[in-house]
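Notes follow the structure.
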Amino acid sequence: MHVVYPVVISALLFSIGVYGVLARRNAILVLMSVELMLNAVNLNLVAFDVWLRDRLHGGQVLTLFVIVIAAAELGLGLAIVLAVFRTRRTVDVDRLRALAEVVRAPGSGRLDGEDAL
Amino acid sequence: MIAVVALIVLLPFAAAAAGLLATRLGTRNLGPRAERVAYRRAAWFAIVPGGVSAALTVWLAASLAGGAGTSEGRFWSELLPGRVEGTLTVVETGSVPISLTLRDDGLSVLTGILVVVVALAVQVYSVGYMRDEPRYPSYSAFVSLFTSAMLLVVYAGDLIVLYAGWEIMGLCSYLLIGHWWEDRANSRAAVKAFLVTRLGDVGFLFGIFVLGTAAGGFRIDDVLRADIPQGTLIAATLLLLAGVAGKSAQVPLHTWLPDAMAGPTPISALIHAATMVAAGIFVVARLYPAFLAAPPTLDVLGVVAAVGMLGAALAALAQDDLKRVLAYSTISQLAYMGAALAAGSDLAAMFHLVSHGAFKALLFLCAGLVIHHVGSNLISHMGGLRRALPITFWTMTIGFAALAGLPPASGFFSKDAVLSAVEHGTGPAQPFVYASALLTVGVTGAYAARAWLRTFFGPARVEPLAEPPPGVAHVFDGREAPRSMLWPAGVLAVPALLLGLAGSAAGSAAGVKVEWGPAAVSLAVALLGAGIVYALWRSAPEQDPARLLGPFRVPCERAFYVDAAYAALVARPVLRLARAVVRTDARVVDGAVRGSGRATLGLSGLVRLAQNGNAQLYVTGLFAGLVLIAVAAVVLT
């Protein structure tokens, strides 16, 4: 099988992931999109491992690492989302803006920073 | 014998140290008596070392008179042939070595006697004059320090040692003029004296450097013997002349001296009449061979002296403050010495220096007595004091006679020596100098007569004054001053009267004769000046004879607006420049710092607009950057 098929598929997967990360509002779906991006990378790794006939199978080993890290990251991410949901009753990314810079009227900017938070 | 010289210099210094450190030692428990104890101790510290120094100086003169003839053909080599020199150590500086040398020859000992005698008289006088002064201990200590510094100048065998004494004198002058610093005018006068003399001292120091590097050493003998090219010599002596003009209050650096009268009157007698201002003349005499080898410098000195003597005498004629009259007369008389030096006679200059030192110190001490009595410096407040102050009247009369150059007082002989030296001078400016000197003789007679008549004759204008401000001695009490003030004046009257006779006797022993023809001319001119003033005063005793100047009087009283000109030409532009610098510092330098901070804050405000809390926006930016980098990497490789 030519390497171009898995690469195109992984590019598509990655693009869908990017779209999801940038555009979805639900935090869970954002996390899932991240997962899609990671798996697109995994697909690439495996495909090129085969294509290049790596004798040490570095691509496959790296894939296992990525899967493990992705699982850990997802667990952490879901825990955070759960905690946010418990306090805010929402997981809408657009409305979670507690870390935004307080924007004041222009001209009143003195030595700022110490009173921004 | 050099140990004696060192002792003469160091005794007043030790007195100054003791006066500053020990007068109040252990007086804390004495309560109200502490002031008295400190005062008495300070008086002893002041007088005893001064007296010992004076005695040692006299002994030194006697031993020099009998010394071996090693002096090198200067005017004193007949009279005081001895010569001593001792070097403590030579300081290797890496280039021109400095030798800590004291020397003693006829010139030193002549000036030294003047210094110690006047200083002793002033110290004794001050005991009475400053009786109620809480800062008397520091005052007398500074006078001692000043005496020590002047003696160091006189006995210095090395230009750097001389310069050290020269600068300490400047410092003491500053401290003593500003003794009553509570009054703003006094501290300003002190600062003015310090700054103006310092301006000259810069030139002086560089003159020393030029001489020292050209001669390869600062020892005065080496400098005078060294074979220095004439151009260098002219430059060096002109630079030295700046310092001399500053210290000796010659035009154009004379403006500090009249203001220096803000100090206590004994200080005016000691520093601003008899000794410190004489230091400049002394230095020229000390380095006279170098000046003789640089005729242009002497011409400059002659012109400066000619302008200074006449201008200052005219200014003295119009002043109303007795001490300022004497101050301007000091400038005028110092210009006489400068003219004698310019004409090539260091003998006449030194003769006039010594006699002027005696009679001007006498005049100032008497002026102090008068001021002490009247409670005011102004001549218009005096008058008719002849009966109230008989002793002061006679001593001051001797002083004024010497000042005007009337025989047999000392000023007659010394001024005659100066005039005949100027008459025989060969420089291109000599006719001008001689004319100025003769005119000044007349004006001197006039202002001496005016001050004398206005102070001691005519209707009494004395009135009891209210509590005087600091700077004006005491309240009118209608009696002669205490004896400690009368004695010094009386003692100084003796040399003021007789020094001329002794000097001319010594001079004729050395082959210098009094020239009676020019002497008669100058006497006639002086009497003419005095006579005009007398006639004017006689016609209206209650009016000021200075009115004979007519419309010219106000410029004379303001000393020809030199102060105003300096204020306009130097002081104000400097102040303006200083303010501009301050503004530049505040606006430009500080502005740059503050402005960069503000600009950074403003720019960061723009960046902060992007931080809106939406994490997806940040990631978008991140991806955009990533894409940019990737595209750039692809395109550029």
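Each value in this text was obtained by applying a stated rule to the coordinates, not by laboratory testing. This structure is a prediction, so every number in the text was calculated from the model and none was measured. Here the Cβ positions follow ideal geometry from the backbone for every residue, glycine too, while neighbour counts run over all protein chains shown.
Assorted remarks:
- Using a simple spin-label model with pseudo-atoms 7 Å out from Cα toward Cβ, residue A:15 and residue B:188 lie 8.9 nm apart.
- Inter-probe distance in nm under a simple model that places probes 7 Å from Cα toward Cβ, at residue A:80 and residue A:57: 3.4
- From the Kirkwood radius over Cα pairs of the stretch A:4-95, Stokes-Einstein at 25 °C and 0.890 mPa s returns a whole-number translational diffusion coefficient of 171 µm²/s.
- Here the ratio of the Cα radius of gyration of the stretch B:567-636 to 2.2 N^0.38 Å is 2.29.
- Annotation for residue A:28 and residue B:28: the two label points, set 7 Å from Cα along the Cα-Cβ direction, are 8.7 nm apart.
- Neighbour-count order for B:44, B:180, fewest beta carbons within 10 angstrom listed first: B:44, B:180
- Sites residue A:5 and residue A:73, calculated FRET efficiency, Cβ-Cβ separation with R0 25 Å, nearest 0.05: 0.30
- Count, lysine Cα pairs under 14 Å in chain B, 8 or more residues apart or across chains: 4
- Surface/4 estimate of mean projected area, convex hull on alpha-carbon atoms of chain B, nm²: 44.1
- Reported to the nearest whole Å, the Cα centre-to-centre distance from the stretch B:158-236 to the stretch B:338-398 is 27.
- Prolate/oblate/rounded label for the protein assembly as shown (Cα gyration tensor, a/c 1.5): prolate
- For B:100, B:626, order by how many other beta-carbon atoms lie within 10 Å, fewest first: B:626, B:100
- Scattering curve values for the stretch B:390-451, log₁₀ I(q)/I(0), Debye with Cα scatterers, q = 0.15 Å⁻¹: -0.50
- Inter-chain Cβ neighbour count for B:604-612, averaged per residue, equals 4 (cutoff 10 Å, partner chain atoms only).
- Applying 1/(1 + (r/R0)^6) with r as the Cβ-Cβ distance of residue B:21 and residue B:195 and R0 = 25 angstrom yields a FRET efficiency of 0.30.
- Charged neighbours of residue B:430, selected by a Cβ distance under 13 Å, balance to -2 (K, R count +1; D, E count -1).
- Amide proton proximity set for residue B:218, modelled H, under 5 Å, gap of 5+: B:99
- When each of the peptides A:40-49, B:406-415, A:66-75, B:284-293 is scored by how many other beta carbons lie within 10 Å of its residues on average, the order from highest to lowest is B:406-415, B:284-293, A:40-49, A:66-75.
- Sequence of B:192, B:360, B:323 once ranked by neighbouring C-beta atoms within 10 Å, starting from the fewest: B:192, B:323, B:360
- Within the shell defined by Cβ-Cβ distances under 10 Å, the residues around residue B:2 carry a net charge of -1, with Lys and Arg each +1 and Asp and Glu each -1.
- Helix B:390-404 axis, angle to chain B major axis (alpha carbon atoms, nearest 10°): 80
- C-alpha long axis of helix B:276-286 to longest principal axis of chain B, angle in °: 80
- Between the stretch B:15-76 and the stretch B:420-443, the C-alpha centres lie 40 angstrom from each other.
- Mean per-residue shielding of peptide A:91-98 is 2, counting Cβ atoms of other chains within 10 Å of each Cβ.
- Tilt relative to chain B, helix B:346-374 - C-alpha long axis, 0 to 90 degrees, to 10: 90
- Efficiency of FRET between residue B:572 and residue B:35 - r from beta-carbon atoms, R0 56 angstrom, step 0.05: 0.80
- Cut-off 13 Å between beta-carbons: net charge of the residues surrounding residue B:615, Lys and Arg +1, Asp and Glu -1: +2
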